[in-house]
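The values are calculated or read from the model by the stated rules, or taken from the named source; none is laboratory data. Just so we're clear, the structure is a prediction, and the values are computed from it rather than from any experiment. In this analysis, Cβ positions are derived from the backbone assuming ideal geometry, glycine residues included, and neighbour counts consider all displayed protein chains. Each accessible area value is taken on the protein alone, full model and side chains, heavy atoms only, with ligands, DNA and RNA left out. Shrake-Rupley method; radii C 1.70, N 1.55, O 1.52, S 1.80 Å.
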Amino acid sequence: MTEPTRASSSPRHRGVVLVTGQSPTVVDRVADRLAGSTSRRVDSGPDVHDAADAVHRLALDLAHDRQPIDVVAPLAAGTPSRATGLLLGSLLDSSLGRPDGRSLLQRVVSVVSAVDLADLVLGGVDDRFLAAEHVVDLVEYATVIVLVDTAAVPPRDLRTIRRLLARLAPESRVTSVDAVRREALESPGGAAQLGGAAGWMQALSEHTPDLDHDGVITTYTYRDERPFHPGRLAVAVEHTFAPGAVGTVLRSRGFTQFATRCDRVGSWSSVGQMLSLDPTSSPSWHPDSPHGQQIAFFGLDLDVATIRRELDACLLTDDELLGDPAGWRDFADPFPVWSGPGAGPGHRH
């Protein structure tokens, strides 16, 4: 990894734009449209550290040569955009901080197929979780979403997709390949808030209402300090959250805690009909870790009262909560073992 070296002065910074997506051809096309006459392109492999390092090295070279730092970096297919953006932003800020305090990582542009969103998210696909989660990650950790293949999606579904994008990525602009221009990306802002701009993270904020409905998409945040009884949760997942039982859950994301694994914070993530329950690297005893249950649901015609009631029934009862925590490990727990911090994959339903 490149060692940080602060430039003496960098008055002509424009910034770095990451371009990511599912189709390398379309990603390259968008990158070409974003590149100006002074822009430099840098291509990299799918490894997060290699990608961030390649862009950082070019930015350092431009700064040392007293050239404008104007970089467009298309990421290889499959490169995690959020992890790359967070690492790259940290490297750029530590070595080439701008005089105005804004991050040099100007934008993360994600090229997303409306057909895939309709198929994987609206269609309730139950056997392609990794593909579905990748598409949603592209949306949630973008500052600009370039929506393609829109003509192949029925108008009603396309309207739903646009409303869902506004909920999953409330800080992002949605545009098309033909409309995207580098000049349009130079408004104040940027990717400095990439780590917390996703709709589910905003929904978990204490300053956000737990229930919101925009006429199409319902957003509901479930919160409780108590841990789940995993045996009862497994039953609820199988029955309560079966397709159509509580409306159409398009996306849910947040943090969970099991009584049988009360030392760990779990990650809850669903797209369409697929739910993933995995460990995080956060110990539950850390003061900055999420506590209990914090889960944001996004969907159509959600039966919020039933979701709340059924999840409440999965929490430890007063008697269980007052019992010996050592005994909680004897509760029925049908979910796969979490072997280590951040280990995966966990449960797929």
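The table for this structure:
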quantity	calculated
Filter result for residue 113 (among the hydroxyl-bearing types (Ser, Thr, Tyr), open to solvent by less than 30 Å² (accessible area, probe 1.4 Å) and either under 24 Å from residue 220 (Cβ atoms) or in contact with a helix residue (DSSP H, G or I) (Cβ under 9 Å, 6 or more places away or on another chain) (or both))	yes
The range 145-170: number of residues that are farther than 21 Å from residue 299 by Cβ, under 20 Å from the mean Cα position of the chain (by Cα) and open to solvent by 20 Å² or more (accessible area, probe 1.4 Å)	1
Close pairs (7 angstrom Cβ cut-off, 6 or more residues apart or separate chains): farther than 12 Å from residue 73 by Cα in the range 23-42, in a strand (DSSP E or B) anywhere	23/111; 26/111; 26/148; 36/70; 38/70
Residue in the range 60-83 that is modelled with pLDDT of 90 or more, open to solvent by less than 50 Å² (accessible area, probe 1.4 Å) and under 19 Å from residue 251 (Cα atoms) present	no
Selection within the range 252-266 - over 13 Å from residue 285 (Cβ atoms) and without any contact (Cβ under 8 Å) to a residue 24 or more places away in the chain	none
Odd one out for residue 297, checked against (1) in a loop (DSSP other than H, G, I, E, B); (2) modelled with pLDDT of 95 or more; (3) of a type in the set (Phe, Trp, Tyr)	(1)
Residue under evaluation residue 248, criteria (1) touching a strand residue (DSSP E or B) at 6+ places or on another chain (Cβ under 7 Å); (2) more than 24 Å from residue 136 (Cβ to Cβ), criterion not met	(2)
Any hit, the range 136-144, residues being touching a Leu at 6+ places or on another chain (Cβ under 7 Å), at pLDDT 90 or above and loosely packed, with under 15 Cβ neighbours inside 10 Å	no
Residue match in the range 174-182 (condition: touching a Phe, Trp or Tyr at 6+ places or on another chain (Cβ under 6 Å), assigned to a strand (DSSP E or B) and at pLDDT 90 or above)	no
Residue among 55, 121, 125 that alone is at pLDDT below 85 and outside any strand (DSSP E or B)	125
Extreme residue, modelled with the lowest pLDDT, among residues of the range 23-42 that are open to solvent by less than 60 Å² (accessible area, probe 1.4 Å) and out of contact with any strand residue (DSSP E or B) (no Cβ under 6 Å at 6 or more places or on another chain)	36
Scope the range 183-211; condition modelled with pLDDT of 70 or more, open to solvent by 80 Å² or more (accessible area, probe 1.4 Å) and of a type in the set (D, E, K, R); matching residues	206
All positions within the range 225-273 that are β-branched (Val, Ile, Thr), within 22 Å of the chain's Cα centre (by Cα) and open to solvent by 20 Å² or more (accessible area, probe 1.4 Å)	248, 249
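For (1) within 30 Å of residue 152 (Cα to Cα); (2) open to solvent by less than 10 Å² (accessible area, probe 1.4 Å); (3) among the basic types (Lys, Arg); (4) without any contact (Cβ under 8 Å) to a residue 12 or more places away in the chain, each residue gets a yes or a no:
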residue: 57; (1), (2), (3), (4): no, no, yes, no
residue: 88; (1), (2), (3), (4): no, yes, no, no
residue: 97; (1), (2), (3), (4): no, no, no, no
residue: 122; (1), (2), (3), (4): yes, no, no, no
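Matching residues to (1) of a type in the set (D, E, K, R); (2) touching a Phe, Trp or Tyr at 6+ places or on another chain (Cβ under 6 Å); (3) under 16 Å from residue 257 (Cα atoms); (4) open to solvent by less than 20 Å² (accessible area, probe 1.4 Å):
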{"position": "296", "(1), (2), (3), (4)": "no, yes, yes, yes"}
{"position": "307", "(1), (2), (3), (4)": "no, no, no, yes"}
{"position": "317", "(1), (2), (3), (4)": "no, no, yes, no"}
{"position": "328", "(1), (2), (3), (4)": "no, no, yes, no"}
{"position": "335", "(1), (2), (3), (4)": "no, no, yes, yes"}
